């Protein structure tokens, strides 16, 4: 008999208790979702602005790679230093505006000639070479990483001349939140 009474009491009180707690939980989740959505929207907007600048600077300060290698062509130091300074300035600007949790990404790219799997590995090595170069010019190692893209995102299509293939052997820099 006591078990039945306890069960009846619990069934009577549970909806009221659950309702109060559930509403608090729903309100809290809704507030967090709005906050997260606003932050993500702000991050996307600032990332688009910053990435436009970083892409322009990485193209303007492009160091060439010899075909089939991760060797930088001579004369890259000055360009790498200018690009590193831009990355450092962007980091300071983002931090001054209260942004955190971002990383700079160097993507390495190849032309379309050769084996796709080999090009993917080569593009990764090219990105890593550029990351090391930028670190040597002052970018903090924890702020930057390398990703190989192979020939997935060619700048020039078709790359059917030596000059066009050379333009596709490149790196680009962007920020990701």
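Quick note: the coordinates plus some simple rules give every number you see, no bench work behind them. Here the structure is a predicted model, which means the values were calculated and not measured. Cβ placement follows ideal geometry from the backbone for every residue including glycine, while neighbour counts extend to all protein chains displayed.
Tabulated data
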item	result
Residue order, fewest to most beta carbons within 10 Å, for 106, 175, 90	90, 175, 106
Shape parameters for the range 38-103, alpha-carbon atoms, Rg then Dmax in Å	14.8, 45
Footprinting exposure proxy for 137, 121 (fewest neighbouring C-beta atoms within 10 Å first)	121, 137
The range 28-177 shape via C-alpha gyration tensor axes, a/c threshold 1.5	prolate
Full-stretch length increase - residue 82, residue 164 - with 0.36 nm per residue and alpha-carbon distance subtracted	27.0 nm
165, 125 arranged by Cβ crowding within 10 Å, fewest neighbours leading	125, 165
Proportion of all alpha-carbon pairs of the range 72-127 beyond 12 Å (%)	74 percent
Mean-position separation - Cα centroids, the range 122-177 and the range 34-112, in angstrom	10 Å
Per-pair calculated FRET efficiency, R0 = 35 Å: residue 145 and residue 71 via Cβ, rounded to 0.05	0.95
